[in-house]
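Chemist: Here you go, one structure.
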Amino acid sequence: MKRVSIFKKRCLAKDESGVTLIEASITTALMMVVLTTIYGSFSSTQHALENTGSRLRNLDEARVLIAATTKDVRTAVRLQSGTSPFLVADARTITFYANLDTTSAPKKVLIYVDNTSELIEKVWSADLGSTAPNYTFTGSP
């Protein structure tokens, strides 16, 4: 009986074969494909998250700018009855008279979008000595 058990062990040892170089190469190639796919999905997810954060910041800034601009436009006043408070109003520019933080003379406000798509606001105070309804605005904003 001892002979049989030794013989069985030797047969099992001969039947078991190792991994060939081709099998190892194919396995490595498949793992590289799987890992590259996983890395690509993580990378694209990270990129999408960064873009979403940037867009949300831009929307928040736009919301603040629109709120401030709306507040300024709502304070528009006429210098005299029968006239418009708005001097210019087109697609990229608006100029008007407004009561911004003042109880005296209104201020002249220019809001426009420049060539780089930035919203710019300039405000002029009425010149000293000018009176209603003939205010003058010659100073710099």
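We did not get these values from a lab; they are worked out from the coordinates using the rules stated. Note that this is a predicted model, so its numbers are computed, not measured. Here Cβ is always computed from backbone atoms with ideal geometry, including for glycine, and neighbour counts include all displayed protein chains.
Chemist: Averaging sequence separations of C-alpha pairs under 8 Å and six or more residues apart, then dividing by the length of the chain, give the relative contact order as a whole percent.
Modeler: With pairs under 8 Å counted, the relative contact order is 11 percent.
Chemist: Modelling each spin label as a point 7 Å along the Cα-to-Cβ direction, I'd like the Glu121/Val77 distance in nm, to one decimal.
Modeler: Once both label points are built, they end up 1.7 nm from each other.
Chemist: Please list 3J(HN,Hα) in residue order for region 75-84, calculated via the Karplus relation 6.51 cos²θ - 1.76 cosθ + 1.60 where θ = phi - 60°; whole Hz, with x for glycine and proline.
Modeler: Once θ is set to phi - 60°, the couplings for region 75-84 become 8, 4, 10, 7, 6, 8, 4, x, 10, 8 Hz.
Chemist: Could you pull out every one of the aspartates and glutamates with an alpha carbon less than 19 Å from that of Lys108, ignoring same-chain neighbours closer than 8 positions?
Modeler: Asp72, Asp90, Glu121, Asp127
Chemist: Expressed in nm to one decimal, what extension gain is obtained for the pair Leu21 and Ser41 from 0.36 nm per residue of sequence separation less their Cα-Cα distance?
Modeler: Length difference between fully extended and current span is 4.2 nm.
Chemist: Would you work out the charge dipole size for region 18-74 about its Cα centre, treating the Cβ of every Lys and Arg as +1 and the Cβ of every Asp and Glu as -1, and quote it to the nearest 20 debye?
Modeler: Its charge dipole is roughly 400 debye.
Chemist: Per-residue ellipticity at 222 nm for the chain, helices alone: DSSP H runs ≥ 4 residues times -39500 (n - 2.57), over residue total, nearest 500 deg cm²/dmol?
Modeler: My calculation for the chain gives -17500 deg cm²/dmol from helical runs alone.
Chemist: As I understand it, the value is the acute angle between the Cα axis of helix 21-74 and the longest principal axis of the Cα atoms of the chain; what does it come to in degrees, rounded to 10?
Modeler: Its long axis makes an angle of about 10 degrees.
Chemist: Same structure again: What angle, in degrees between 0 and 90 and rounded to the nearest 10, separates the Cα long axis of helix 2-15 from the longest principal axis of the Cα atoms of the chain?
Modeler: Once rounded, the angle reads 40 degrees.
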